[in-house]
Amino acid sequence: MAITSKSTLRDVLKDPRAVAIIEEYVPGFVEEKADLLGPMKLNMLLKFPQAGFKKEDIAAICERMDALDA
């Protein structure tokens with residue numbers, strides 16, 4: 001399964017490359033918040049301030065996720 005910024009968080013968490021990208025921007029995110037947000041699409045999740053991602057990092061995260069299987 002190809003991982004993109006439009007994948008669900010649940011699918012993203014199955015790919016160690018994608019997990020590494022998320023953890024680079026928000027260390028501890030996977031352990032602290034991922035279980036609560038699993039069915040949400042990553043690109044939507046990134047927009048919620050509660051998720052802990054900085055606004056200025058969102059485009060970079062999406063680009064990196066989209067490039068994983070390109």
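Per residue, the chain exposes 63 Å² of solvent-accessible protein surface, assessed with a 1.4 angstrom probe and all protein chains in place.
For the chain, the equivalent ellipsoid derived from the alpha-carbon gyration tensor has semi-axes of 16, 14, 11 Å in decreasing order.
Of the solvent-accessible surface of the chain, computed with a 1.4 Å probe and all protein chains present, 57% belongs to carbon and sulfur.
Among 2-10, 23-31, how do they line up by average Cβ neighbours within 10 Å per residue, starting with the highest?
On the way: 2-10: 18.1, 23-31: 13.8.
Answer by packing, highest mean first, reads 2-10, 23-31.
The values are calculated or read from the model by the stated rules, or taken from the named source; none is laboratory data. All of these numbers come straight from a predicted model, not from anything done at the bench. Using ideal geometry, Cβ is built from the backbone for each residue, glycine included, and neighbour counts are taken over all protein chains shown. Calculation scope for accessible area: heavy atoms of the full protein, side chains included, ligands and nucleic acids excluded. Shrake-Rupley method; radii C 1.70, N 1.55, O 1.52, S 1.80 Å.
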